[in-house]
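Notes for the one structure printed next.
The values are calculated or read from the model by the stated rules, or taken from the named source; none is laboratory data. Everything numeric in this text was worked out from a predicted model, so none of it was measured. Cβ: placed from backbone, ideal geometry, glycine included. Neighbour counts: every protein chain shown.
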Amino acid sequence: MATYLVRRLLMALTVIAGISVVTFAMIYFLPTDPARMYAGPNASVEAVARIRHQMGLDQPLWVQYGRYVERVLQGDLGYSYKLQMPVTQAILSRLPYTLELIFAAIFVELALGVPLGVLAALRKNTWVDGLSTLAALVGVSSPPFWLGLLFLYVFAFKLGWFPLGGAGGLSHLILPALTAGLGGVGWYARMARSSTLNVLDADYVRTARAKGLPGWIVVVRHVVRNALNPIVTMAGQDIPWFVGGVVVVEMVFGWPGIGRMAVEAILMDDVPLIMGTVTFTAVLVVLSSILVDVVQALLDPRIRLNA
Amino acid sequence: MAEVARRNGLKWLLAALSLAALVLTACGGSSLGPASETGQASESGAGGGAAGGKTMTIAYKDDLATLDPAIGYDWTNWPAEKMVFDALLDYDDTTNLVPGLAESMPEVSPDATTWTFHLRKGVKFQNGREVTADDVAYTITRVLDPKTKSPGSGFYTGIEGAQDFIDGKASSVSGIQVLDKYTIRFKLSSPDVTFGNKMALNFAFVVPKEEVQKWGDDFGHHPVGTGPFILKEWTPGQRLVFEKNPNYFKPGVPKLDQVVIRVGVEPSVALLQLEKGEIDMMGDPIPTAELARVLNDPAWKDRITRAPQVSTIYIAINTRVKPFTDVRVRQALNMAIDKERIIKLLGGQGTVANQILPPLMPGYDKDYQGYPYDPERAKQLLKEAGYPNGFETTMECLDVDPQPKLCESFQQDLAKIGIKLNIKTLEAGTVIADAGTEGKVPLVWSGGLAWIQDYPDPDDFYSPILGCGSAVPGGWNWAWYCNKEIDAKAKQAVGMTDREARLQVYKEIFRKLMDEAVWVPVYNGQYIIAHSEKLVGGVDDFAHPEHTIRYENLDKK
């Protein structure tokens, strides 16, 4: 296990370094001029040239990247041109919001998807099953931007149950979480359904039934708990997926997360902030995928992590 | 058997723990964020008017980056900076300069090279210290200092000794002279009658040295000035709260007790917030998809304020790319564009332009007729230029609604005279970079990227966008037009103190540029501002030609 972890972490470092090189080079070779984007349209050509020099953007690519790496190794991700604050501070102040939204969205997926899937499996090929398939389909095919606006219009504007966007207490969280999570409910329902069906055929369930246990006890104690294994894995893999997936939701709801900030950084050609958010997201994705593998191994004794 | 049971128990424990964690995170989520309940409370508390205060809330899509007047340079942070700071000079309801922190208009030498300002006595910064001439000197020197990275430094390089200071050859700017506590003199290296306008720009907003040094790079988030409002709270990505400055030096203003700026609000959502009464004003334009509904609804009559924008939106014709090197081809383009249709596509957010200067700009030529819409004549001109069957060319457009739609309209117009137009829709940074590269793009549509004046003087529509000095890589002269004769005339005009004679020179300059057909001026922008009927103020308070929003004059019923 320890060797495995060390090997995975070393690989992760390589991946992250690679991503940072590629991103940096991509920004460098873009035709846009970060100094001009910082200075705005009306700044004089000479003023832009002075700013370019101050920012070190007139240096060759390898010098710029070298300086960047040197700073990062000292724990300094640089200073955002657009937000006018240290990148680390910008990311850390927004991260909690994005994590909050991601976990809430996964909660929505689980809380709605799993019961729906289990029910569909228990009532296989009835109208309940059909309804769950339909619900799954609708959820998967609704674009989050449209869904978010619809929710805001109906539940916040017309009915007034929730605030019209922004972040704050639980009431602010519900609509964005539903918007982000509903798309995944279908996946979880399908997964829960098939995995429940597998378990229903298992010997130990037949044994439990043969013992004369009441139906609901068999379902709760034997079926659901064994069907949950693949679901937990899926939820873990959702975290990195959602880092990108919640961007649109953050935009619609004015949620002050990392995604919205990253989009603004890209539009403004804010090199340090783009590098910071991309690298940070890469770290998050790589670490959570390692975590999923480890948790999976802990949950399922049949899985061995080989060095 | 026991082994299996233990394993299963562990598995259950893990599953339960992770579920519990999810539930906890979801429910207690708000405590994670630094914004917490305080910001919420202050906004809703004030909105309810618990303290008898009047609060105005405005929503913007883009985040506000900084309130440091040396740095911020866009239409979201300029009016916000104006809340906190003042300059020596200011504007009246239109485009005339009036004293601000100066007690009177400056004394200007006949050749417009020496400008002496007398400061109003007893004006205090929000930290309680009195404003002196040293603060003005510090402010301008700071903008010129390359370390500040100010986009506005170019406005002040005409001060004597500025270049030496920038190059590190001098420790101060010799042309900035503090004569006494309340008097400051600027000596310019060449005559410039627009220097007064430059001293009314946001870059010249007077800052206290001790606060800048205390906060360093973070001064933009802890601004201290002399202005009508004091920044009380700033939650990045969410909101800013400003409170009335009770010691503001102008009597009777501000009228509001509090201004809240919400950021990160999509315009379509902001419109809903406005209809619901959560906000009092939209900072961004009404989404084009909603415009017709809003404008046709009688309930909205008192919630819309229209105001002209001092801007011209144009097609830049690259005069260094074939076949646009031929003036006849450029003139043909001017006659081929159906501008009325563009105004319709914009839902009335503009008026047809026939010349380079917008109507509000001094020097605008009322008698000039411009090119008529005449596709037949345009075809004829193309024939004369040797293109009887037209040609194929490319236009770059911003990829943000409604710009691509407008470019498609141009495509149809040009097809009628035999020109096949390829449209490239790109994000702002790329269009700007391509347009600023010599010989790269034949045509650029300036919609969404257009020049909005820095100050109301025709020179601001010549030197930075049509002068030889801006026809350089990274410059904003997208027509890549450089006419030495016109340039000499413009240089001379900047030094002319006789205003009428000077404006006459600009009329000649801009007529000549239209004869040369370097642009197709398409329309002059118009603000259609959505606000609640409770928010009251003059048109020039909702959309002032220089400051956009003048918060200090707005009031709430």
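Residues considered: A:Val263, A:Val205, A:Val247, A:Val220. Of these, the only one that is free of Cβ contacts under 8 Å to residues at least 24 places away in the same chain and either farther than 30 Å from A:Ala135 by Cβ or hydroxyl-bearing (Ser, Thr, Tyr) (or both) is A:Val263.
Kindly provide the set of residues from segment B:314-350 that are among the β-branched types (Val, Ile, Thr) and buried (at least 17 other Cβ atoms within 10 Å of the Cβ), ordered by number. Selection gives B:Ile315, B:Ile317, B:Thr319, B:Val321, B:Val329, B:Ile337, B:Ile342, B:Ile343. Can you find a residue in segment B:252-260 that is at positive phi and more than 14 Å from every other protein chain (Cβ to nearest Cβ)? Taking every residue of segment B:252-260 in turn, at least one turns out to be at positive phi and more than 14 Å from every other protein chain (Cβ to nearest Cβ).
When B:Val259 is tested against (1) over 25 Å from the mean Cα position of the chain (by Cα); (2) not polar (S, T, N, Q); (3) not assigned by TED's automatic domain parsing to the domain that holds B:Ala517, exactly one condition is not met: (1).
Please verify whether B:Glu278 is surrounded by fewer than 19 Cβ atoms within 10 Å (Cβ to Cβ) and either part of a helix (DSSP H, G or I) or at pLDDT 90 or above (or both), treating the condition exactly as stated. No, not satisfied.
Report whether or not B:Thr157 is at pLDDT 95 or above and hydroxyl-bearing (Ser, Thr, Tyr). For B:Thr157, the condition - at pLDDT 95 or above and hydroxyl-bearing (Ser, Thr, Tyr) - is not met. Taken over segment B:387-416, the criterion of being in a loop (DSSP other than H, G, I, E, B) and of a type in the set (Asp, Glu) is satisfied by B:Asp399, B:Asp401. Please work out which residue is nearest to the chain's Cα centre (by Cα), limiting yourself to segment A:39-58 and to residues that are more than 7 Å from chain B (Cβ to nearest Cβ) and part of a helix (DSSP H, G or I). Applying the filter and picking the extreme gives A:Arg52. With A:Leu182, A:Leu149 as the choices, which residue is within 12 Å of chain B (Cβ to nearest Cβ) and in a helix (DSSP H, G or I)? Step by step, each of A:Leu182, A:Leu149 is checked, and only A:Leu149 is within 12 Å of chain B (Cβ to nearest Cβ) and in a helix (DSSP H, G or I). Among the criteria (1) within 14 Å of chain A (Cβ to nearest Cβ); (2) crowded, with 23+ Cβ neighbours inside 10 Å; (3) among the polar types (S, T, N, Q), the one B:Ser268 does not fulfil is (2). Listed conditions (1) under 23 Å from A:Arg7 (Cα atoms); (2) away from chain B (no Cβ under 11 Å); (3) not polar (S, T, N, Q) are all met by A:Val271, apart from (1). When residues in segment A:75-89 are screened for being over 16 Å from B:Gly216 (Cα atoms), in a loop (DSSP other than H, G, I, E, B) and touching a residue at least 24 places away in the same chain (Cβ under 8 Å), 2 of them pass.
From the list B:Arg239, B:Arg142, which residue is over 23 Å from B:Lys491 (Cβ atoms), among the charged types (D, E, K, R) and within 12 Å of chain A (Cβ to nearest Cβ)? Step by step, each of B:Arg239, B:Arg142 is checked, and only B:Arg239 is over 23 Å from B:Lys491 (Cβ atoms), among the charged types (D, E, K, R) and within 12 Å of chain A (Cβ to nearest Cβ). From the list B:Gly495, B:Gly525, the lone residue that is surrounded by fewer than 20 Cβ atoms within 10 Å (Cβ to Cβ) and either in contact with a Ser or Thr (Cβ under 8 Å, 6 or more places away or on another chain) or touching a residue at least 60 places away in the same chain (Cβ under 8 Å) (or both) is B:Gly495. When the residues of segment A:194-235 are filtered to those that are closer than 17 Å to A:Val114 by Cα and of a type in the set (Lys, Arg), the one that is nearest to the other protein chains (Cβ to nearest Cβ) is A:Arg225.
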